Amino acid sequence: MEQRFTEQSLIGDIVTQFPKAADLFKARRIDFCCGGQRPLKEAIEERGLDGEALLRELNALYAEAQNKPTGNWGEAPLTDLVDHIVSTHHRYLNEELPQLSPYVTKVLRVHGMHHPHLSRVHKLFHELKMELEQHLIKEETGAFPLILQFADNPSPENREAVERAVRELVNEHDAAGDLIKEIREITNDFTPPEDACGTYRLVYSRLAALEEDLFTHIHLENNVLFPRVLAAVKA
């Protein structure tokens with residue numbers, strides 16, 4: 001079987017070329033958003049995984065998917081990619097973050113005395129909520145319009161502004177990624193205790209879904225949108 005991907009393939013490039021790889025990486029706890037610009041070999045060694053087995057599974061899934069083509073955001077017009085990020089991932093966060101917040105608070109109030117880690121979860125979630133809400137506004141009102149303006153008019157002034165904006169957004173993505181990863185660690189991979197009530201389980205389930213969407217969201221920006229824009233900057 002042809003080995004489409006190797007240990008030297010960049011993690012983000014793998015997911016860009018083969019989005020279904022995200023499911024495999026999530027199952028193996030391989031960061032494909034903030035850690036997307038590093039070789040798969042580093043993640044394999046870091047996680048203590050069987051590299052040969054992982055590559056066999058990855059390449060087998062890729063070969064199987066060739067008969068089921070999917071959209072390629074690496075080739076879509078930049079306006080379509082930005083519209084997709086805003087209408088799908090920004091919309092999800094704008095709806096989910098305020099809806100989930102009172103449940104996180106309720107679980108802390110009811111169960112915090114017997115589960116002290118919930119205090120830290122509460123703090124981290126609301127820190128993440130505030131950072132993401134401000135981040136989305138920055139992207140929609142500043143960075144994304146600037147990126148699309150540069151695509152139409154790659155002037156030296158726009159070039160410098162785009163490079164600066166991308167650096168800032170990547171740094172903010174790293175910060176958000178670190179927060180959700182810490183929440184995962186504290187919650188034992190979003191695993192509620194056996195005696196958890198329905199609300200407790202609901203919170204953990206929705207935090208896991210939040211992480212999944214956030215990783216896909218950051219991947220599309222860090223590993224697809226920004227590299228395409230920066231390639232145009234350097235052209």
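Okay, here's what the table says:
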item	result
Within a Gaussian network of the chain (alpha carbon springs, distance under 10 Å), most fluctuating of N153, N223, N59	N153
Candidates G198, G35, G12: whichever shows maximal mean-square fluctuation once the chain is modelled as a Gaussian network with Cα springs under 10 Å	G198
Label assignment, P(r) over Cα pairs in 5 Å bins from 0, in percent derived from the structure, set (i) 1, 8, 14, 17, 18, 16, 12, 7, 4, 2, 1, 0; (ii) 1, 6, 13, 16, 16, 15, 13, 11, 6, 2, 1, 0, 0; (iii) 1, 6, 12, 15, 15, 13, 10, 7, 5, 3, 2, 2, 2, 2, 1, 1, 1, 1, 0, 0, 0	(ii)
Neighbour cut-off at most 11 other Cβ (10 Å), DSSP loop, GluC sites (Glu not before Pro), the range 172-217	E194
Computed log₁₀ I(q)/I(0) - Debye formula, equal Cα scatterers, no solvent, the range 76-186, q 0.10, 0.20, 0.23 Å⁻¹	-0.40, -1.07, -1.26
Structure-based [θ]222 nm, the chain - -39500 (n - 2.57) summed over DSSP H runs of at least 4, per residue, nearest 500	-22000 deg cm²/dmol
Nearest-0.05 FRET efficiency for Q149 and L49, computed from C-beta distance (R0 30 Å)	0.10
Backbone N within the range 80-109 under 16 Å of label point (7 Å from E140 Cα along the Cβ vector)	82-99
Within the accessible area of the chain (1.4 Å probe), percent carbon and sulfur	51
Label-to-label distance, nm, for residues given as K106 and K26 (7 Å Cα→Cβ offset)	2.5
Stretch gain in nm, segment Q8-S205, where the contour uses 0.36 nm per residue and the Cα spacing is subtracted	67.5 nm
Where labels lie 7 Å past Cα in the beta-carbon direction, separation of S119 and C197 in nm	2.0
Whole-number D in µm²/s for the range 135-235 (Stokes-Einstein; Kirkwood sum over Cα pairs; 37 °C, 0.692 mPa s)	212
Fluctuation leader among E168, E75, E221 - the chain, Gaussian network, Cα springs under 10 angstrom	E75
26 Å Cα cut-off, lysine pairs counted over the chain (separation 8 or more, or different chains)	18
Accessible area per residue, Å², the range 87-195 with all protein chains present, probe 1.4 Å	55
Net lengthening on full extension, A63/K181 (0.36 nm per residue, minus Cα-Cα)	39.4 nm
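The values are calculated or read from the model by the stated rules, or taken from the named source; none is laboratory data. Bear in mind that the values here come from a model prediction, so they are computed numbers and not experimental data. Every residue, glycine among them, receives a Cβ derived from its backbone with ideal geometry; neighbour counts consider all protein chains shown. Note: areas computed on protein heavy atoms with side chains; ligands, DNA, RNA excluded. Shrake-Rupley method; radii C 1.70, N 1.55, O 1.52, S 1.80 Å.
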